[in-house]
Structure formats: C-alpha cells, structure tokens
Amino acid sequence: MDKKILVLIPCYNEESNIVTTVEHLRATCPEVDFLVINDCSTDGSAALLREKNYPFLDLPVNLGIGGGMQCGYQYAVRNHYDVTVQMDGDGQHDPAYLYNIVQPVLDGACDMCIGSRFITNEGFQTSFMRRVGIRFLSGMIYLLSGHKVLDVTSGFRAVNTRLAQYFSAHYAIDYPEPEAILASSLVGFRVKEAPVIMHERQGGASSIFGFKSAYYMIKVSLALIIDRFSIRKQKGGRP
C-alpha cells in the first residue's frame, strides 16, 4: 500500500493492556505505523514502552484523552500521514477491523469513519445504562447537527488529512468523542460509520463509572450545546 496510515493509541495507566494491544496491531496490520501517547501514566506503562522500544510520546503532564489525541494529530500532520486512526489501548478495539474504518476514508466516501458496535449488534455491547446514555447523546447530536451517528462514544475512528489538520488545532479536552463528531459535522466534514466487533476491556478500570457516569452525561450534554452555538458563531451564523 502506498498510503501512509498512522494508528494513535492513547495510554494512561494501561500497563496490563498496552503490550498486548500493540502486539496484536503489529501482527494483524504490520504495514501501518503506530504511536502510543503516554499521558503521564503513574503505573509502569512508560517503562514497558521503553523496554519494548515502541514509538511513543511521553507527555510531561496529564492532558486527558483530548489533549493527548491533539498531540497525536499534530504529529500525524507534521509527518504527512494520509489516514490517522484512533485505537484505544485497553484491548477493546480489534485491529482485524481496522480497514473497515480506514477503507471508506481512503476511498473518499467520508472524512471520518467511526467503528460502530451498534450496526450489527455483535460483540461486546457495553452495559445497559451506558447504551441508554449513548442513545441519548446520539439523539442530541442529531438534534444539534442533523447527522445521525449510532456509536457516538466509540474511540475507534479513522480520519483523512483534512480532518487531522482540523483536529490538530481544534479538539475537545476531556471526553472528546461526541464533541468531535458534532464539530466535524457542523464545519462540513462527512462522518460515517462502519460495523466493527469490540471486546470487553482486557484489564484495568474504565475512567467512567458510578457517579462519574452521570457527571460525564451532564458535562458532555452541556458541552455539545455550547459547541453548537460557538461553532455556528465561528461560521458567521450559518447552521
């Protein structure tokens, strides 16, 4: 393949998962490049990355998933990658489905392709309450942008060079997956989904649980509304 593909793998305290995740990617898609973004992990993640000699950014302070991904997109832009992929470091995203989301971008069918577990409803579907929250956020994005996306919290996604350039300058800091979809749609990028099968987290703990789940929903909902009007203002009042 003559196209350059970069896989960005966020890593915060993923010492129990990161090696398995990277080695699975290397075995399944040896032709793609990857970059692990160590977001100031406090466990042994950084030591493992050095020991394995993986290419990685070692952030000096914790920027959160959004800040870390923005650094990754800046790297992708500066190194002229044709497609940039996000893939979680916890083992949930299967690289066997990487080209399900990459190929539509390469074909020019969309600017962003999101790996969705809700098109065929196969594999790990997450908890009932999280599915309710995802549907709610999906409905909000539809109301705010007119674009329907089912798996709005999926971190398994591929973008082209134009959208990578946009994300390198504009990316939500906290839990950015829904905001990135809304922002991309509002400024005119084409967002599509492709079916993938995901797995349950292989180790460690999610950063969103219990009380944090409710806090996440409130925070993201407010952020989406604010984004809708701030991006509209940037576009000179055009929807």
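No lab work stands behind these numbers, since they all come straight from the coordinates. Because the structure is predicted, anything quoted here is derived from the model rather than measured. With ideal geometry, Cβ positions are generated from the backbone for all residues, glycine too; neighbour counts draw on all protein chains shown.
Within the chain, antiparallel bridges make up roughly 30 percent of the DSSP beta bridges whose residues both belong there.
Express in nm, to one decimal, how much length is gained between Tyr142 and Thr20 on full extension, taking 0.36 nm for each residue of separation and deducting their alpha carbon distance.
40.3 nm
Segment Val132..Asn62, full-extension length gain: 22.2 nm, with 0.36 nm per residue of separation and the alpha-carbon distance subtracted.
Run the numbers for Ala169 and Val187: contour at 0.36 nm per residue of separation, minus the present Cα-Cα distance, in nm.
Details: separation 18, 0.36 × 18 = 6.48 nm, distance 1.36 nm.
Result for the pair: 5.1 nm of gain on full extension.
Dividing the summed -39500 (n - 2.57) terms of all DSSP H runs of n ≥ 4 by the residue count of the chain sets its mean residue ellipticity at 222 nm at -14000 deg cm²/dmol. Take the Cβ atoms of Thr42 and Ile225, set R0 to 35 Å, and the FRET efficiency comes out at 0.55. Taking the fewest neighbouring Cβ atoms within 10 Å as the starting point, the ordered list for Asp88, Asp33 is Asp33, Asp88.
What number, in percent, do you get for the relative contact order of segment 5-234 if the mean sequence gap of Cα pairs under 8 Å and at least 6 apart is divided by its residue count?
25 percent
One Cα centroid belongs to segment 41-80, the other to segment 107-159; the line between them spans 25 Å. Expressed as a whole percent, the proportion of Cα-Cα pairs in segment 107-200 lying more than 22 Å apart is 24%.
Counted without the sites themselves, the longest stretch of the chain free of chymotrypsin sites (Phe, Trp or Tyr not before Pro) in a DSSP loop having at most 15 other beta carbon atoms within 10 Å is 1-123. Between Leu150 and Lys3, the FRET efficiency from the beta-carbon distance, with R0 = 25 Å, is close to 0.40.
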